[in-house]
């Protein structure tokens, strides 16, 4: 699932970056925040777990935070013109849909 999400994100970013974006760090920030919120929920769930389950959930949260950083950077590097995007396109980039 993660590979397909990354591939979809890359394709979407390639598409919008080809439009000569004006750059919008806000979209990258929103994508980062969405993944950070998921990681926070994973940490909260890990707090209710023990043993191997807790360790696995904490590792998943850490991986999600790394993905948040990478996604934000990719969006910012693509110089996305978010003003030219529909709300559906923005949501797809932010949420990986």
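Tabulated results
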item: Sorted by Cβ density within 10 Å, fewest first, the residues 35, 27, 56; result: 56, 35, 27
item: Debye intensity ratio I(q)/I(0), log10, the range 22-84, q values 0.13, 0.23, 0.25 Å⁻¹ (C-alpha model); result: -0.41, -0.81, -0.89
item: Cα→Cβ-extended label distance, 7 Å offset, between residue 59 and residue 88, nm; result: 3.9
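Computed from the coordinates by the stated procedures, all read-outs in this text should not be read as laboratory data. Only a predicted model underlies this, so the values are computations on that prediction, with no experimental measurement involved. Cβ sites come from the backbone with ideal geometry, for glycine too, and all protein chains shown count toward neighbours.
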